[in-house]
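The values are calculated or read from the model by the stated rules, or taken from the named source; none is laboratory data. It should be emphasised that the depicted structure is a prediction, and the values quoted were computed from it without experimental measurement. Cβ sites come from the backbone with ideal geometry, for glycine too, and all protein chains shown count toward neighbours. The protein model used for the area step is the full one, side chains on, heavy atoms only, and it has no ligands, DNA or RNA in it. Shrake-Rupley method; radii C 1.70, N 1.55, O 1.52, S 1.80 Å.
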Amino acid sequence: MSFSPGPRYLDLHIPPNSQAILSSTVWRQYECGRFSEDECYRLVAEKFSLDPGEVRQAILDARNSLQPDDEFLRFVHELQEEEQGTLRIFAMSNISAPDYAVARNKPAKWEIFERVFTSADVGMRKPDLRFFKYVLDEIKAEPSSVVFVDDRSENVLAARSLGINGIIFDNANRVRQALRCLVCNPVSRGHAFLEVRAGRLESETDLGQQVPENFAQLLILEATSNRKLVNYVHHPHTWNFFKGNPIFTTNTFPADMDTTSIGLTVTHPDDDHVVHSVMDEMLQYTTEDGITTTYFDSERQRIDPVVALNVLTLFYSRGRGEELAKTLEWVLGILEHRAYLDGTRYYETAECFLFFASRLLSNTEDAFLHSRLAPLLRERILERAGVPGDALALSMRVLAGAVVGLRMERDLAALLPLQREDGGWEPSWIYKYGSSGVKIGNRGLTTALALKAIAVLDETRLQPGSRIPFDFPTPQSQAQSEPRPRIGTLTPNLRVSRGISSMPLPSPPPSPTLPSPKRVMRERGFSASSIAKGVYAYLFPDYGASERAHGSRIFRNSSLSAHTSTCNA
């Protein structure tokens, strides 16, 4: 990676002509070394009817006030250290020889730069394509292996036109997030986030209140197969959503069929008699329409299609799906008529319904159910491709699509940039209180499903109806694989530029019993140029409208470019 310093000319005391001067042909040629300093000041003064002495003094004042962005320089240096020497840092700057000489005497971490390319030195300047081509040739790097950061949109556009990954420096925090997304391994970072917080991955409301509950813990366990990550209260019979005292609801809270169904399908109790006795009890709580309710409480006749899907999953996994025929017809009607698009009583997004519908398919081999549900579910998931969503919705969409043979690559491209600097994905809301509407989310769950989404799209021969593998590579297995590829090939193997790919759905679908072996993710790679499209679209949606006239957070005219040591130096 690299950035290149240059003087901050915003403070020129010759208004209103400062912008015109810095954009003039004279100044551009001066930065390319075609005029001496005295010649430049004289020609500028003549062109804009200014006193040469005033021009000189204004530029000297601006030059002397130049200060580096130490915080961002430290971040770049730390990133280089984290990557253990696999990143090479270069500078590429539009800057005159006198200005560069002054900049070099400023206290900054110049030692992190392998080389500095200045316009004065090479006789070219950004956004000239030949300048970028010259640098690529000198550092012996492929465009797709380079990340270029600059505060000017025209410079970033020029870099992208050559296949270089470009980031506009408009916000330091977002730039750091984007760089980590492009440079670092999202899988290892996500695992680290979960492991550091093992046993403490609690849910929170949109009011900032922690909610100790079992449901998210069970889903994290299902997604990771790692019991050490979660902390739930085990129930031998029916399960309660809350671990302890209820929050934001009545003082006494009944066991619910939603958590019970998840608990019995995830923990796999040894005593089949207990499981079937719970299922028998569930059949006692249905509406007059024959639809299963949410609570083991006849006074709370609430229904929710996602809850119904989870109950159906339990029944079909135990070979008793036909006992809930009316509930199945209800959820099929909701799917057919898209009644889920605004979420449900207890679940926030359309993707929650689609995800748990796909989970139903993944937990049964029932051919009748697959023939009824899979084709329609596939159509509905395809309709959602590319729809904006938070990290949880995008993860659920990718996973649901994989079950029915769709590679939701565009949605994965949108998901990757949402990974935070700490390695976890952004907070997302999964369910809500039915009466108050208070939303509940869990970063641990979002991160676990995001990692699972990355892993499942690495299934190059995933078949419709196949069971999604619940295991994915550990950091240890990755460490034993070959060295990390350059930035152009982040793991795992995926090309996101096409958006969606799919395979024909056979009729009836095959039995969902494919094995899910461990696999080494570092042997595959993302297309960084395609992933970058997701970064630009979702991390920097307003960069074109918010272009700054001058100045970067490091130095004016500075840029950052990066590639790893696997490139031929």
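What are the pairs with Cβ atoms under 7 angstrom where one residue, in the stretch 336-353, is under 11 Å from A393 (Cα atoms) and the other, located anywhere, is at pLDDT 95 or above and polar (S, T, N, Q)? Sequence gap at least six, or different chains.
Close Cβ pairs satisfying both conditions: F353/T344.
With respect to G290, is the statement that it is at pLDDT 95 or above, assigned to a loop (DSSP other than H, G, I, E, B), under 39 Å from the mean Cα position of the chain (by Cα) and under 24 Å from A357 (Cβ atoms) true?
It is false that G290 is at pLDDT 95 or above, assigned to a loop (DSSP other than H, G, I, E, B), under 39 Å from the mean Cα position of the chain (by Cα) and under 24 Å from A357 (Cβ atoms).
Being open to solvent by 10 Å² or more (accessible area, probe 1.4 Å), farther than 20 Å from S435 by Cβ, acidic (D, E) and under 36 Å from the mean Cα position of the chain (by Cα) narrows it down to one residue among E281, E336; which is it?
Sole residue among the options that is open to solvent by 10 Å² or more (accessible area, probe 1.4 Å), farther than 20 Å from S435 by Cβ, acidic (D, E) and under 36 Å from the mean Cα position of the chain (by Cα): E336.
Given (1) open to solvent by 10 Å² or more (accessible area, probe 1.4 Å); (2) at pLDDT below 80, where does P464 come up short, assuming only one miss?
All conditions pass for P464, except number (1).
Residue-wise test of (1) more than 30 Å from L416 (Cβ to Cβ); (2) touching a Pro at 6+ places or on another chain (Cβ under 9 Å); (3) part of a helix (DSSP H, G or I); (4) of a type in the set (S, T, N, Q).
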| position | (1), (2), (3), (4) |
| --- | --- |
| F355 | no, no, yes, no |
| L360 | no, no, yes, no |
| F368 | yes, yes, yes, no |
| P388 | no, no, no, no |
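Any idea which residue in the stretch 378-408 is modelled with the highest pLDDT, counting only those that are of a type in the set (K, R) and farther than 15 Å from G343 by Cβ?
In this case the residue turns out to be R378.
Is it the case, given these coordinates, that S317 is small (G, A, S) and within 38 Å of the chain's Cα centre (by Cα)?
Judged against the criteria, S317 is a match.
Please enumerate the residues belonging to the stretch 288-330 that are open to solvent by 10 Å² or more (accessible area, probe 1.4 Å), in contact with a Gly (Cβ under 7 Å, 6 or more places away or on another chain) and farther than 19 Å from Y433 by Cα.
K326 - this is the single residue of the stretch 288-330 that is open to solvent by 10 Å² or more (accessible area, probe 1.4 Å), in contact with a Gly (Cβ under 7 Å, 6 or more places away or on another chain) and farther than 19 Å from Y433 by Cα.
Taking only the stretch 32-61 into account, find how many residues are outside any helix (DSSP H, G or I) and either open to solvent by less than 40 Å² (accessible area, probe 1.4 Å) or of a type outside the set (D, E) (or both).
The qualifying residues number 7.
Which condition breaks for S4 when tested against (1) open to solvent by less than 30 Å² (accessible area, probe 1.4 Å); (2) at pLDDT below 80; (3) in contact with a Lys or Arg (Cβ under 8 Å, 6 or more places away or on another chain)?
Exception for S4: condition (3).
G190 - would you say it is within 24 Å of W429 (Cα to Cα) and touching a Ser or Thr at 6+ places or on another chain (Cβ under 6 Å)?
yes
Report every pair of residues separated by at least 6 positions or lying on different chains whose Cβ atoms are under 7 Å apart, first residue within the stretch 280-291 and more than 15 Å from D258 (Cβ to Cβ), second among the charged types (D, E, K, R).
L283/E323; D289/K326; G290/K326
Between T249, T205, which is β-branched (V, I, T) and under 18 Å from E426 (Cβ atoms)?
The conditions single out T205.
Would you confirm whether or not the stretch 62-75 contains a residue that is in contact (Cβ under 8 Å) with a residue 24 or more places away in the chain, open to solvent by 20 Å² or more (accessible area, probe 1.4 Å) and under 23 Å from F131 (Cα atoms)?
For the stretch 62-75, residues in contact (Cβ under 8 Å) with a residue 24 or more places away in the chain, open to solvent by 20 Å² or more (accessible area, probe 1.4 Å) and under 23 Å from F131 (Cα atoms): absent.
Only one residue in T267, T327, T344 is polar (S, T, N, Q) and over 35 Å from the mean Cα position of the chain (by Cα), so which one is that?
T327
Across the stretch 82-93, what is the total count of residues that are among the charged types (D, E, K, R) and either at pLDDT 85 or above or open to solvent by less than 10 Å² (accessible area, probe 1.4 Å) (or both)?
Residues in the stretch 82-93 being among the charged types (D, E, K, R) and either at pLDDT 85 or above or open to solvent by less than 10 Å² (accessible area, probe 1.4 Å) (or both): 1 in total.
From (1) under 37 Å from the mean Cα position of the chain (by Cα); (2) within 25 Å of D170 (Cα to Cα), pick out the condition that doesn't hold for G85.
It fails just one condition, (2).
Out of the residues in the stretch 94-108 that are among the polar types (S, T, N, Q) and open to solvent by less than 30 Å² (accessible area, probe 1.4 Å), state the one that is farthest from E39 (Cα to Cα).
Checking each candidate, the answer is N94.
Residues being open to solvent by 20 Å² or more (accessible area, probe 1.4 Å) and either touching a strand residue (DSSP E or B) at 6+ places or on another chain (Cβ under 8 Å) or β-branched (V, I, T) (or both): count how many of those fall in the stretch 225-251.
Looking only at that region, the number is 9.
Those residues that are touching a residue at least 40 places away in the same chain (Cβ under 8 Å) and closer than 25 Å to T287 by Cβ, I need them from the stretch 224-259; list them, please.
H237, T238, T249, P254, A255, D256, M257, D258, T259
One line per residue, one yes/no per condition, for (1) open to solvent by 10 Å² or more (accessible area, probe 1.4 Å); (2) of a type in the set (A, V, I, L, M, F, W, C); (3) without any contact (Cβ under 8 Å) to a residue 12 or more places away in the chain; (4) touching a Gly at 6+ places or on another chain (Cβ under 7 Å):
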| site | (1), (2), (3), (4) |
| --- | --- |
| L369 | no, yes, no, yes |
| I381 | no, yes, no, yes |
| V387 | yes, yes, yes, no |
| L399 | no, yes, no, no |
| R410 | yes, no, no, yes |
| T446 | no, no, no, no |
| A453 | no, yes, no, no |
| D458 | no, no, no, no |
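Any residue that is in contact (Cβ under 8 Å) with a residue 24 or more places away in the chain and part of a loop (DSSP other than H, G, I, E, B) - is there at least one of those in the stretch 265-274?
yes
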